[in-house]
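Input: a single structure, listed below in C-alpha cells.
The values are calculated or read from the model by the stated rules, or taken from the named source; none is laboratory data. None of the values given here were measured: they were computed from a predicted structure. In this analysis, Cβ positions are derived from the backbone assuming ideal geometry, glycine residues included, and neighbour counts consider all displayed protein chains.
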Amino acid sequence: MKKVLAIPGSIRASSSNFLLLRAIAEMMAATLDVVIYDGLAGLPHFDPGVVDAPAAVAAFRGMLRAADGVIICTPEYAHGVPGSLKNAIDWTVASCEFSGKPTVLITASTDGRFGHAALLETLRVIEARDVDRLALLIPFVRSKIDAISGVVEPSTLAEVRALMEVFVRTMAAGSAPSTVE
C-alpha cells in the first residue's frame, strides 16, 4: 500500500479542502494509506538563512520524504496561493522533498484559476512529478461536497476518482516520469 501525504491548503479543520481530502482518503482506503497533514499553522515563517530546520519543519520534511506521493488540496485566496501553504512549500525548496515525487494538485475554491496556475508553476519549479497530469480545478466547491457524504456532485466525484486512478498508476510506475494516461 502506497503512503500518501495529503496537505490541505487551508488551516481550518472544517474547510472544504480538508473535507475533500478526508473523502479522498476514505475513497482510496483500500489502495492508499493517506495521512492528512495538520501542521501548516505550526510551521514558522520561512527563513532561507536558517541552517538547522526548526523541529516542525524537520518533521514536515520527514513526512514528505517518507511518502510515495503527495496530494495538495487548496483554496485560492485573493487570486493566489494561501500563505500558509506557500510557506510550507518554501521550506522544501532547498531540501528538495518534492523533487521527483508524484504530486496531485486539487484547487477547490469559489473560482481558483489564478491560485491554481500559480501553484502549478511553483510545483513545476520544485520538480514535483507529473503535476500537470495530476491537476484538477474544482470551482464552486461548496456546492459539490458536504461534511457527511464527501463529494456529492456526480461529475466532480467522477473527476476525482479518475484523477486518483492516474495518481495510483503514476506512483506504481516508479521514479521515471510517467506517460500513463
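Annotations
- Segment 1-27, residues that are surrounded by fewer than 22 Cβ atoms within 10 Å (Cβ to Cβ) and touching a strand residue (DSSP E or B) at 6+ places or on another chain (Cβ under 9 Å): Met1, Lys2, Lys3, Ser10, Ser15, Phe18, Arg22, Ala23, Ala25, Glu26, Met27
- Residues (under 20 Å from Asp130 (Cβ atoms), without any contact (Cβ under 8 Å) to a residue 60 or more places away in the chain and either touching a helix residue (DSSP H, G or I) at 6+ places or on another chain (Cβ under 8 Å) or hydrophobic (A, V, I, L, M, F, W, C) (or both)) located in segment 64-85: Leu64
- The set of residues in segment 60-105 being at pLDDT 95 or above and touching a His at 6+ places or on another chain (Cβ under 8 Å) consists of Asn87, Leu105.
- Segment 125-168 - residue that is acidic (Asp, Glu) and in a loop (DSSP other than H, G, I, E, B) and, of those, nearest to Ile106 (Cα to Cα): Asp132
- Qualifying residues in segment 9-25 (those that are part of a loop (DSSP other than H, G, I, E, B) and modelled with pLDDT under 90) - the one farthest from Gly150 (Cα to Cα): Arg12
- Residue count for segment 140-151, restricted to those that are modelled with pLDDT under 75 and closer than 14 Å to Ile24 by Cβ: 3.
- Ala58 being in a helix (DSSP H, G or I) and either surrounded by fewer than 23 Cβ atoms within 10 Å (Cβ to Cβ) or touching a Ser or Thr at 6+ places or on another chain (Cβ under 8 Å) (or both): yes
- Qualifying residue in segment 114-122 (condition: surrounded by fewer than 16 Cβ atoms within 10 Å (Cβ to Cβ) and either closer than 21 Å to Val168 by Cβ or modelled with pLDDT under 95 (or both)): no
- When Ala108, Ala176 are checked against the criterion of being crowded, with 18+ Cβ neighbours inside 10 Å, at pLDDT below 95 and either not in a strand (DSSP E or B) or not aromatic (Phe, Trp, Tyr) (or both), Ala108 stands alone in meeting it.
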